[in-house]
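Bear in mind these aren't lab numbers, they're just calculated from the coordinates by the rules spelled out. These numbers come from a predicted model, not from an experiment. Cβ coordinates were reconstructed from backbone atoms using ideal geometry, including for glycine residues, and neighbour counts include every protein chain displayed.
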Amino acid sequence: MTHVNSSTDLSTLLGLLDLEQLGEDEFRGHHPAQVGSRTFGGQLVSQALMAAGRTVDGERPIHAINAHFIRGGDVKAPIDYRVDRHRDGRAFANRQVIAYQGGHELFVMLAAFQDSGTGLEHAVSIPDVPLPETLPTIGEHLRGYEETLPFFSNALKPIDLRYANDPAWVLKDAGEKLEHNRVWMRPDGDMPDNPLVHAAALAYSSDTTVLDSILTTHGLSWGHDRIVAATVNHSIWFHRPFRFDDWVLYSTQSPVAAGSRALATGHCFSRDGLLLATVVQEGVVRHFPRRRA
């Protein structure tokens with residue numbers, strides 16, 4: 001896989017998606033140098049999607065993925081992905097991908113690939129938001145919050161993110177709540193001419209801000225409040241072929257939080273308003289209020 005005119009962080013992401021092949025249906029993925037305490041969920045989803053897609057012949061694009069997180073990954077060790085071929089039909093292909101470390105299952109994902117056809121068409125409308133060129137970069141939003149949000153400030157940033165509303169930490173400082181989160185996103189540089197890589201990069205990006213609306217619904221924020229969050233499952237439905245070269249609006253909201261779990265849903269729109277993908281993520285989200293002095 002070759003790529004040019006990309007930021008260093010995007011080049012790192014594209015390198016993460018270029019899996020090492022161990023066998024016919026076995027692949028190995030690696031971690032970037034900039035990591036947190038456990039493997040980023042978007043990395044697992046995107047690498048598993050690449051592994052599944054590399055076993056599918058022909059031009060069938062990815063249609064849906066349904067992933068479950070079992071254990072947190074060790075960021076100091078590679079991850080092995082084993083693909084099981086459940087079906088290869090004329091129009092459909094189905095795969096299961098299991099991620100392993102040290103003989104333990106970290107993650108399992110079902111992936112479905114399907115030829116595009118014709119049929120009924122309708123979709124929700126893109127929200128009315130400012131254009132991405134008019135909005136601050138994520139770096140500008142993090143300025144002054146380096147000590148409050150060190151994980152965000154120091155994280156890999158292969159995707160250019162432009163919040164169409166104030167991010168959680170700014171809302172928290174203003175004492176405001178918000179029941180949705182809308183952010184423009186696009187890769188920070190050139191992408192290779194490979195539809196599977198474009199889908200995988202969008203899948204990686206879908207795990208970056210999806211839980212924000214859960215917190216902002218309650219007026220909470222990463223960094224400011226004691227929040228423990230871990231993804232339980234993550235699903236994406238890809239509605240039409242696309243290229244992730246231009247801006248995509250990621251519009252998310254949280255319909256429910258109960259039983260220490262919370263659900264977030266998201267829609268990915270092209271710049272011209274086409275609905276490209278729908279995301280649903282469930283996470284364990286626990287809030288530990290600070291004691292007042």
Study note, to complete from the structure: Diffusion coefficient in µm²/s returned for region 224-288 by Stokes-Einstein, Kirkwood Rh over C-alpha pairs, 4 °C and 1.567 mPa s, is 98
Point to revise | Chain lengthening between Val256 and Asp272 when straightened (0.36 nm per residue, less Cα-Cα) | key: 2.8 nm
Revision key, fill the gap. Put in order of increasing Cβ neighbours within 10 Å, starting from the fewest, Lys76, Lys157 give Lys76, Lys157
Exercise for review: Quick one: what are the phi-derived ³J(HN,Hα) couplings along region 231-246, Karplus 6.51/-1.76/1.60 with θ = phi - 60°, whole Hz, x for glycine and proline?
Suggested key: 6, 9, 8, 8, 10, 9, 10, 8, 8, 7, x, 7, 10, 8, 9, 10
Review point. Rounded if a/c is under 1.5, else prolate if a/b is larger than b/c, else oblate: which is region 47-113, with a ≥ b ≥ c the root eigenvalues of its Cα gyration tensor?
Key: prolate
**Study point:** Local net charge near Arg82, Cβ-Cβ under 13 Å (Lys/Arg +1, Asp/Glu -1)
**Key:** -2
Review point. Using the alpha-carbon atoms, what tilt in degrees (0 to 90, nearest 10) does helix 41-53 show relative to the longest principal axis of the chain?
Key: 20
Practice item. Please go through region 202-290 and write out the chymotrypsin sites (Phe, Trp or Tyr not before Pro) that DSSP classes as loop and that have at most 15 other C-beta atoms within 10 Å. Key: none
Exercise for review: Work out, step by step, the length gained on full extension between Arg71 and Glu147: first 0.36 nm times the residue separation, then minus their alpha carbon distance; give nm to one decimal.
Suggested key: 24.5 nm
Study note, to complete from the structure: Of Glu147, Glu282, Glu179, the most mobile residue in a GNM of the chain (C-alpha springs, cutoff 10 Å) is Glu147
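Would you mind counting up the charge near Asp57? Only other residues with Cβ under 11 Å from its Cβ, with Lys and Arg at +1 and Asp and Glu at -1.
Combined, the nearby Lys, Arg, Asp and Glu give +1.
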Study note, to complete from the structure: Relative to the chain, whose Cα atoms define the longest principal axis, helix 195-205 and its Cα axis are tilted in degrees, nearest 10, by 30
Check your understanding: Each label point is 7 Å from the Cα along the Cα-to-Cβ direction; what then is the distance between the points at Leu131 and Glu179, in nm?
Key -> 3.1
**Study point:** Sequence-distant lysines (8 or more away, or on other chains) whose Cα lies within less than 22 Å of Lys76
**Key:** Lys157
Check your understanding: For region 176-293, taking Cα atoms only, what is the radius of gyration to one decimal and the Dmax to the nearest whole Å?
Key -> 15.6, 57
Exercise for review: May I ask you to compute the full-extension gain from Arg54 to Arg291, defined as 0.36 nm times their residue separation minus their alpha-carbon distance, rounded to one decimal in nm?
Suggested key: 80.2 nm
Point to revise | Signed unit charges on C-beta, dipole axis of the chain, positive-most listed residue Leu275, Gly259, Gln114 | key: Gly259
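How big, in percent, is the set of alpha carbon pairs in the chain lying more than 37 Å apart?
11
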Revision key, fill the gap. FRET efficiency (His104, Thr12; Cβ distance; R0 22 Å; to 0.05) is 0.25
**Study point:** Sites matching trypsin sites (Lys or Arg not before Pro) across region 134-205 that sit in DSSP coil, with at most 14 neighbouring C-beta atoms within 10 Å
**Key:** Arg143, Lys177
Review point. Using the Cα atoms of region 80-123 to build a convex hull, what is its mean projected area in square nanometres?
Key: 4.5
Point to revise | Within-11-Å neighbourhood charge of Gly283 [Cβ basis; K, R +1; D, E -1] | key: 0
Study note, to complete from the structure: Here, GluC sites (Glu not before Pro) of region 47-137 satisfying both criteria (DSSP loop; at most 16 other Cβ within 10 Å) are Glu59, Glu121
Review point. What's the angle, to the nearest 10 degrees (0 to 90), between helix 8-17's Cα axis and the longest principal axis of the chain?
Key: 40
